[in-house]
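Asker: Here it is, the structure, as structure tokens.
Derivation of every value follows stated rules applied to the coordinates shown; laboratory data play no part. All values derive from a computational prediction rather than experimental measurement. Note that each Cβ is placed from the backbone with ideal geometry, even for glycine, and that neighbours are counted across all protein chains shown.
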Amino acid sequence: MNPSPRQLELIEEVRRMQTVTVEALAERFGVTLQTVRRDIRQLNDAGLLTRFHGGVRMPGSTTENIEYRKRQQLNAQAKQRIAHEVAARVPHGSSLLINIGTTTEAIARALLRHKGLRVITNNLNVAAILSDNANCEVIVAGGAVRAMDRGIIGEMTVDFISQFRVDIGLIGISGIESDGSLRDFDYREVKVARAILEHSREVWVAADHSKFNRPAMVEMARFDQIEMLFTDGAPPEPFPALLAHANVTLVNCNEEQA
């Protein structure tokens with residue numbers, strides 16, 4: 001799903017209010033109750049909002065991510081813009097560590113014409129995509145395969161990644177909280193991502209706008225541990241100041257700049 005501009009504003013309003021009635025949303029956006037109910041139904045089906053009788057709230061779980069197939073479709077155009085901007089900055093001949101996520105899979109597709117890449121990944125989808133690039137060497141981490149998204153996790157994966165030192169670590173994440181922490185849902189996945197951070201000369205994070213103020217259980221890193229953040233619009237408050245304080249380069253991949 002690619003939410004419309006009104007739906008994106010609706011999500012931000014619900015995030016700000018935590019819970020809000022259908023009537024209040026209709027008045028806030030100057031539309032009919034039927035229109036709001038249709039938007040809410042679509043956003044609920046995409047896992048972006050949770051309906052309850054007479055109103056809506058943000059999804060409450062900090063322990064469980066949106067189902068993988070829904071994440072593949074969610075904000076697909078934004079992920080493509082982010083992927084394009086990331087790929088444009090990856091030099092030919094680079095070494096990369098790439099983690100689990102639908103955004104990193106989009107980045108892999110955008111790297112198909114790069115030459116001389118050496119990519120180490122714990123994402124079987126990334127490996128399959130980049131194996132179509134004859135000018136790219138793909139190294140797959142060992143470990144246990146997580147069936148729902150073909151991610152490879154576990155202590156064996158951490159040990160494998162710890163052998164390397166690469167130019168760029170490309171990280172996708174599930175949530176960015178207002179304290180500047182980058183977060184995810186599975187502590188085993190987070191341990192692998194931390195290893196990627198530790199063994200990369202630079203760390204680039206790719207996160208679409210829906211990840212801001214999205215809670216998740218496990219802290220992966222903080223802003224001062226990364227060099228660049230790619231997203232598809234101006235981050236809401238208080239993130240601009242937090243990013244500036246941590247000297248993170250923000251790459252705004254919004255539609256006007258694409």
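Asker: Quick check: Cα centre of the range 24-60 to Cα centre of the range 106-174, how many Å?
Answerer: Each part reduced to its Cα centre gives a spacing of 37 Å.
Asker: Another question, if that's okay. PHE52 versus ASP132, label points 7 Å from Cα toward the beta carbon: distance in nm?
Answerer: So the two model labels end up 4.4 nm from each other.
Asker: Taking other Cβ within 10 Å of each residue's Cβ, how do VAL22, VAL56 sort, fewest first?
Answerer: Working: VAL22 18, VAL56 26.
Ascending Cβ contact count within 10 Å gives the list VAL22, VAL56.
Asker: Among the DSSP beta bridges whose two residues both lie in the chain, what percent are antiparallel, rounded to the nearest 5? If you can, show how the numbers build up before the last one.
Answerer: Details: 16 of 42 bridges.
Bridges in the chain are about 40 percent antiparallel.
Asker: So which DSSP H runs in the chain come out at 15 Å plus along the axis (Cα) with average Kyte-Doolittle of at least -0.5?
Answerer: Values: long enough: 5-17 (18 Å, -0.84); 33-45 (18 Å, -1.18); 76-89 (20 Å, -0.64); 187-198 (16 Å, -0.08).
Helices meeting the span and hydropathy rule in the chain are 187-198.
Asker: Taking the Cβ of each residue in ASP45, ASP186, ASP208 as the centre, tally the other Cβ atoms inside 10 Å and list the residues starting with the fewest.
Answerer: Details: ASP45 12, ASP186 20, ASP208 23.
Going from least to most buried by this count: ASP45, ASP186, ASP208.
Asker: Same structure, new question: Have a look at ILE176, VAL192, PHE239 and report the one farthest towards the positive end of the charge dipole of the range 134-239, computed about the Cα centre with Cβ charges (Lys/Arg +1, Asp/Glu -1).
Answerer: VAL192
Asker: Dipole size in debye (nearest 20) for the range 69-252 around its Cα centre, Lys and Arg Cβ +1, Asp and Glu Cβ -1? Kindly include the intermediate steps, with their values, before the conclusion.
Answerer: Numbers: 21 positive and 21 negative charges, 105 e Å.
Dipole of the range 69-252, to the nearest 20 debye: 500 debye.
Asker: Hey, another quick one. Using the per-residue mean of other Cβ atoms lying within 10 Å as a proxy for protection, in what order, highest first, do the peptides 10-18, 194-202 fall? The partial results should precede the final answer.
Answerer: Working: 10-18: 16.4, 194-202: 18.1.
Packing order, densest peptide first, comes out as 194-202, 10-18.
Asker: While we're looking at this one, here's another question. If you place +1 on the Cβ of every Lys and Arg and -1 on the Cβ of every Asp and Glu, how big does the dipole about the Cα centre of the range 5-57 come out, in debye to the nearest 20? Walk me through the numbers before you get to the answer.
Answerer: Details: 9 positive and 7 negative charges, 24 e Å.
Using only the charged Cβ atoms, the result is roughly 120 debye.
Asker: Please list, ordered by chain and number, the residues whose modelled amide H lies under 5 Å from the amide H of PHE212; skip anything fewer than 5 residues away on the same chain.
Answerer: Amide H neighbours of PHE212: ILE176.
Asker: Let me ask something additional. Long-range amide H contacts for VAL20: which residues qualify at under 5 Å (H placed 1.01 Å from N, peptide plane, sequence gap of 5 or more or a different chain)?
Answerer: Excluding prolines and chain starts, which carry no amide H, the hits are VAL56.
Asker: Shifting gears a bit: Would you compute, from DSSP H runs of 4+ residues alone, the mean residue ellipticity of the chain at 222 nm, taking -39500 (n - 2.57) per run and dividing by the full residue count, rounded to the nearest 500? Intermediate results must be reported in sequence, preceding the final value.
Answerer: Details: 10 runs with 96 residues, N = 258.
It lands at -11000 deg cm²/dmol.
Asker: Rank these for me by crowding, ILE107, ILE40, going from fewest to most other beta carbons within 10 Å. Walk me through the intermediate numbers first.
Answerer: On the way: ILE107 28, ILE40 21.
With the sparsest Cβ surroundings first, the list reads ILE40, ILE107.
Asker: Let me ask another. Projecting each Cα onto the charge dipole of the chain (Lys/Arg +1, Asp/Glu -1 at the beta carbon, about the Cα centre), which of ALA83, ILE161, THR35 comes out farthest on the positive side?
Answerer: About the Cα centre, the residue reaching furthest to the positive side is THR35.
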